[in-house]
Each structure stands twice: as C-alpha cells, then as structure tokens.
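What follows is one structure encoded as structure tokens, with my remarks underneath.
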Amino acid sequence: MEKLTLIVPCYNEEEVLPFFYEEFQKVASKLKNYNTEVIFVDDGSKDKTLSIIKEMAARDDRVKYLSFSRNFGKEAAIYAGFQHADGDYIAMLDADLQDPPSLLPEMMKGIVEEGYDSVATRRVSRKGEPPVRSFFARCFYKLMKRISTAEIMDGARDFRLMTRQFKDAILEMGEYNRFSKGIFGWVGFKTKWIEYENIERKAGETKWSFWKLFKYSLEGIIGFSTAPLALVSALGILVCLVAFLFLVIILLKTLCFGDPVAGWPSMTCIILMLGGIQLLCMGILGMYLSKTYLETKKRPIYICGETNLNETKG
Ligand code: UDP
Ligand code: MG
C-alpha cells in the first residue's frame, strides 16, 4: 500500500490538538487505500503540546513526533517534517484546523487521477481577520507578483499535498532563511489550486503578531527578489540627475544676478535628504548582507530534542 505522510507544525497547540486528532482519524479512515501517518513537529512549545502528542503516539502507532530544543519557527518545523517524511505522498497542514484535513481525499484525486505533482490551496476570503492585516497582506502579494520570479499566489496557504519528487526538490533548497511560499513556487512542477473560504482557528490563538508577519514578509522579499537593490541604484541615478539640474540652474542664476550669499536653509534640506537616502540605501544593502552572513554560517535549521522517529537529521 502507498503511504501518505502528514506534517503538522505545532507551537503551543494544546487546546486544538485533540480536535485535530479526531479529524485525522476521520480522514485516515476515508483514505482506506493508503497507509496514513502523521508527524507532529513540536516547535519548542511551552505548554502541554508535547505530552499530548506523546500520549497520542503511545496509543496510535501512526503518530510520529519530533520535538525541537527551542522555538525555531514554523519554517524550520516544516523543513524538519519534510526531512523525516518518507511517504509516497506528503501533505503539510496547520494544527489549528484552518487547513481542513477533510479536503485531503479531493486533493489526493488531483495527484493520483489528474496527474498533478502537487495540490495547493488558497483562501478566497479573509473573513475573520483584522482588516489592517488583510490590507498589508494584499499589498505584499501585489508587490511580490511584480518583483519576484517565483510565482506566489495571493491568499495561498501552506496547506499542500505533494509527491515525493516535489518534496525532494524542496529539500534540495537547504537555505537557512526559509520562505516556503516562495520555495514552492520556485521549484515549479504542475500545481493544482483548490480554493476555499477562510476558516477561523478552532481553538487557541494565532502565533503570528503583526510584527512577526512583517519580518516574515521581509524574509520573502529578500529571499526571492533583488528588486530593492536595483531600486537603490535607480534612486542614486535620479538624485544625481536632480543635482545636475540644480547645478545648471544655480550657475545660470549666478551668471545673471551675481552671487548674493543666501540659501543655507535649502542647503540644510538637501544635506538632510541626501543623508536620509544614503542611510536608507545602506540599510537595504545591510539587509541582504545580513542574510548572506547568516547563510554562510551554515547553522543547522533546527535542533532536535526528542523524537520517536528512527533517525535524526539536522
Ligand atoms: N507555528 C509553529 N511555530 C511558530 C508559530 C506557529 O510551528 O513559531 C505553527 C502553529 O502551531 C500552527 C501553524 O504554525 O500549526 C500556523 O500558525 P497560526 O495558526 O498561529 O498562524 P495563522 O493561521 O494565524 O497565520
Ligand atoms: Mg492558523
């Protein structure tokens, strides 16, 4: 029988895990033709998440787990899951049931019957989300569409089913600064998109503050586009042109009207503006440099504390 492995990153999900397990059992019994197993990746939770997972694993040998030594972030959890998933098909989904496991049979059809390499999901509405967050999310996707080579869909969720070949391609991308939505788009292959209305979290609360999301979006931009660097060069040229124009104007003015000493306020403005632009450009350069710095250190993406899987990789 072919095997389907589900990967579920969990960070402080004690409230929602029992519901998830129920759904898992339901969907596993629907997918009778497959050996379904689930790998919970505990991302350094501070509540009872790990002990709940261990209880489930003791009762049910389809439940595997891996626990990090501290919180490494969702991207690291996804990567660890991929490294240990040995199914013929691999799916990743959130623990909070915002990615309904009941969609899995339909997604399976996309791969097995229709011949796609991966089936991805996107939400068509952002119901129940703070409006400010929706607004910035939309802006981010619009921007990424323009400046990035990897295809990144608006509203795309990380909920995805894929073949082993697709998973192996993702594992080949061993970068330290990970942005899954970009990575999925970058590797290519034929992807089917399934749309659904946004579902609110079953229990517990979101782990993403606005600030965390903002930093994550920068990760996406820096990881999958060099447009900001080109923008900086363009800005430099623009400022030079303006300066040249100014020079000509001042030269003509001096020739026609002599040279009365005036204009220190305008001078201050110019110095301040140029200083600001220079600092901004240095900041952008610095962001790329800092990512390169972290990348060259080749630190492990996560450190495993405990697991019931056979081998541990880092
Ligand atoms: N998550 C994680 N590590 C983190 C933050 C989140 O593994 O540092 C997991 C979390 O347990 C959940 C998924 O990532 O399964 C999505 O998180 P959440 O539902 O809080 O995000 P949202 O749906 O609000 O974007
Ligand atoms: Mg969620």
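Summed over all non-identical Cα pairs, the Kirkwood treatment of the stretch 69-143 gives a radius of 15.2 Å. Using all pairs of distinct alpha-carbon atoms, the Kirkwood hydrodynamic radius of the chain works out to 22.2 angstrom. Under 5 Å between amide hydrogens, built in the peptide plane, is the criterion, and for residue 305 it picks out 67, 68, 69 among residues at least 5 positions away or on other chains. Derived from the Cα gyration tensor, the three semi-axes of the equivalent ellipsoid of the stretch 26-113 are 24, 15, 12 Å, largest first. By the rule of a C-alpha distance below 19 Å, with chain neighbours fewer than 8 residues away ignored, the lysines paired with residue 291 are 74, 181, 212, 215.
What's the carbon and sulfur percent of the stretch 59-148's accessible surface, probe 1.4 angstrom, rounded to a whole number?
51 percent
Relative to the longest principal axis of the Cα atoms of the chain, helix 210-224 runs at roughly 80 degrees.
Couplings 3J(HN,Hα) for the stretch 49-59, derived from phi with the Karplus relation 6.51 cos²θ - 1.76 cosθ + 1.60 (θ = phi - 60°), are 3, 5, 5, 5, 4, 4, 4, 4, 5, 5, 7 Hz, where x marks Gly and Pro.
Could you work out which residue, out of 253, 30, 127, moves most in a Gaussian network model of the chain, that is, has the largest mean-square fluctuation with Cα springs under 10 Å? Looking only at 253, 30, 127, the largest GNM fluctuation is found for 253. Computed packing ranks the peptides 217-228, 128-139 as 217-228, 128-139, most packed first, by mean other Cβ atoms within 10 Å.
The heavy atoms of residue 201 offer some 50 square angstrom of accessible surface to a 1.4 angstrom probe. Please report the antiparallel percentage of DSSP beta bridges with both residues in the chain, rounded to the nearest 5. If I count the DSSP bridges inside the chain, around 30 percent turn out antiparallel. Considering helices alone, the calculated mean residue ellipticity of the chain at 222 nm is -17000 deg cm²/dmol, with DSSP H runs of length four and up weighted by -39500 (n - 2.57) and normalised per residue.
Which of the peptides 188-198, 34-44 is most tightly packed, and how do the rest follow, going by the mean number of other Cβ atoms within 10 Å of each residue?
Ranking, from highest mean packing down: 34-44, 188-198.
What accessible area per residue comes out for the chain, rounded to a whole number of Å², with a 1.4 Å probe?
55 Å²
Close amide H contacts of residue 87 (hydrogens built in the peptide plane, cut-off under 5 Å, sequence separation of 5 or more or a different chain): 5. Each residue of the stretch 230-235 was assigned a 3J(HN,Hα) from its phi angle through the Karplus expression (A = 6.51, B = -1.76, C = 1.60, θ = phi - 60°), giving 5, 4, 4, 5, 4, 4 Hz with x at Gly and Pro.
Per-residue Karplus couplings for the stretch 192-202, computed as 6.51 cos²θ - 1.76 cosθ + 1.60 with θ equal to phi - 60°, are listed in order as 9, 9, 10, 10, 8, 5, 4, 10, 7, 3, 5 Hz, Gly and Pro entered as x. Close amide H pairs (under 5 Å, H built 1.01 Å from N) link residue 158 with no residue at least 5 positions away or on another chain.
The values are calculated or read from the model by the stated rules, or taken from the named source; none is laboratory data. Note that the coordinates shown come from a computational prediction; the quantities given were computed from them, not determined experimentally. Neighbour counts are summed over all protein chains in view; Cβ atoms, including those assigned to glycine, are modelled from backbone coordinates with ideal geometry. Just the protein is used for accessible areas: all its heavy atoms, side chains included, with ligands, DNA and RNA removed. Shrake-Rupley method; radii C 1.70, N 1.55, O 1.52, S 1.80 Å.
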